[in-house]
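Chemist: Structure in structure tokens, see below.
The values are calculated or read from the model by the stated rules, or taken from the named source; none is laboratory data. For clarity, every value in this text was computed on a predicted model and none was experimentally measured. Here Cβ is always computed from backbone atoms with ideal geometry, including for glycine, and neighbour counts include all displayed protein chains.
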Amino acid sequence: MGTSASSSGPGSGVPLVPPWVDDPPETTPTGDSEQAEPNADQDPATPNRAPELAPAGRFRGTRLNLGRFGSSGSGESLRRGLGHYVRSGLGGSTRAAQRFGGTARKSGSVVGVLQALRSGAPTPIDLGIDPARLAGRPALETADRIAQAVSPPDGTQDSEASREALTVALRELIAKEPNVDLTALTEQQIELVMEAFIAEDICRRIELDVGKAIFDKAPSAAAAGSRFKQMNRYVRQHVAASLRRLRDSSKSLAVNTARKLASRAIRDTLQVFEEYVS
């Protein structure tokens with residue numbers, strides 16, 4: 001993360017939620033046994049309604065505050081930048097949560113793949129992962145193959161960002177536990193991977209949209225890299241706190257539950273950010 005390839009943000013007149021973005025899963029507060037409740041992030045309007053278009057100057061406040069953050073490292077500027085990103089740039093936390101629907105669904109895929117590899121159960125056929133071909137392979141190679149399967153190229157920046165986010169999440173675990181076997185992770189390790197993936201994917205979306213504001217104002221490339229890491233830690237802190245609050249650790253993390261937990265954690269995190277400028 002943290003390169004000059006980041007943009008100044010999508011322009012006006014385009015859908016706030018692109019048509020290729022997956023709808024967020026229905027959410028439940030906690031646990032596997034609760035019934036799915038209506039998705040509070042989902043627009044109640046009819047499907048035939050034209051998508052809401054982004055207004056002019058949608059990222060003006062975001063760029064201003066993230067530029068100040070890039071220059072100074074100010075936590076206040078970071079918080080306000082994230083607040084404007086959600087409120088004005090993405091149309092509020094409800095729209096923003098819809099924008100990250102693909103992140104929630106891929107979180108479920110991550111959990112499903114890692115649990116299947118651990119138990120020896122068949123992996124989802126649409127992902128094309130052959131457990132036999134992963135046996136005995138180096139952990140870093142296995143991480144790359146899993147990330148490629150969960151988020152294959154489809155011509156969108158979202159798929160590329162998600163693939164890189166999952167690669168980073170898996171490699172983070174490898175760095176902490178060099179002898180880890182990605183085909184035999186514990187439940188706690190799988191949850192840590194999911195947590196890291198969600199936070200990393202959110203940060204990569206922010207960087208793609210408005211990261212140039214940080215990079216351009218940072219006093220050096222090294223400082224810019226440090227700012228992006230600071231932002232990542234901050235986002236990760238809120239994602240982790242939400243998942244801890246929602247998660248019932250006494251129950252196995254089923255795929256559908258993982259999707260719902262991820263969706264709720266994303267929504268909660270974005271709501272916190274939006275409140276910074278409310």
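Chemist: Which one is modelled with the highest pLDDT among residues in region 253-277 that are within 15 Å of Ser107 (Cα to Cα) and either touching a strand residue (DSSP E or B) at 6+ places or on another chain (Cβ under 8 Å) or not in a helix (DSSP H, G or I) (or both)?
Modeler: Within region 253-277, the first condition is being within 15 Å of Ser107 (Cα to Cα), and the residues that meet it are 253-267.
Narrowing further to those that are either touching a strand residue (DSSP E or B) at 6+ places or on another chain (Cβ under 8 Å) or not in a helix (DSSP H, G or I) (or both): 253-254.
Working: Leu253: 83, Ala254: 86.
Ranking the qualifying residues of region 253-277, first place goes to Ala254.
Chemist: Starting from region 159-170, keep only residues that are within 12 Å of Glu207 (Cβ to Cβ), then list their pairs with residues that are buried (at least 20 other Cβ atoms within 10 Å of the Cβ) and aromatic (Phe, Trp, Tyr) whose Cβ atoms are within a distance under 6 Å, requiring at least 6 positions of separation or different chains.
Modeler: Ala165/Phe197
Chemist: Tell me whether region 54-75 contains one or more residues that are at pLDDT below 95, among the small types (Gly, Ala, Ser) and within 21 Å of the chain's Cα centre (by Cα).
Modeler: No, the conditions are met nowhere in region 54-75.
Chemist: Based on what the data block shows, is Ser109 among the polar types (S, T, N, Q), assigned to a helix (DSSP H, G or I), more than 24 Å from Gly211 (Cβ to Cβ) and touching a helix residue (DSSP H, G or I) at 6+ places or on another chain (Cβ under 6 Å)?
Modeler: On the way: among the polar types (S, T, N, Q): yes; assigned to a helix (DSSP H, G or I): yes; more than 24 Å from Gly211 (Cβ to Cβ): yes; touching a helix residue (DSSP H, G or I) at 6+ places or on another chain (Cβ under 6 Å): yes.
Spelling it out, Ser109 is indeed among the polar types (S, T, N, Q), assigned to a helix (DSSP H, G or I), more than 24 Å from Gly211 (Cβ to Cβ) and touching a helix residue (DSSP H, G or I) at 6+ places or on another chain (Cβ under 6 Å).
Chemist: Sticking with this structure for a sec: Scanning region 157-178 for residues that are among the hydroxyl-bearing types (Ser, Thr, Tyr) and in contact with a Gly (Cβ under 9 Å, 6 or more places away or on another chain), which turns out nearest to Glu141 (Cα to Cα)? Don't jump to the end; show me each part of the working.
Modeler: Restricting attention to region 157-178, the residues satisfying the condition of being among the hydroxyl-bearing types (Ser, Thr, Tyr) are 159, 162, 167.
Next, from what is left, pick out any that are in contact with a Gly (Cβ under 9 Å, 6 or more places away or on another chain): 159, 162.
Numbers: Ser159: 19, Ser162: 17 Å.
Checked region 157-178; the qualifying residue nearest to Glu141 (Cα to Cα) is Ser162.
For (1) of a type in the set (A, V, I, L, M, F, W, C); (2) touching an Asp or Glu at 6+ places or on another chain (Cβ under 9 Å), each residue gets a yes or a no:
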position	(1), (2)
Ser162	no, yes
Met194	yes, no
Arg205	no, yes
Arg227	no, no
Met231	yes, yes
His238	no, yes
Ser252	no, yes
Lys260	no, yes
Leu270	yes, no
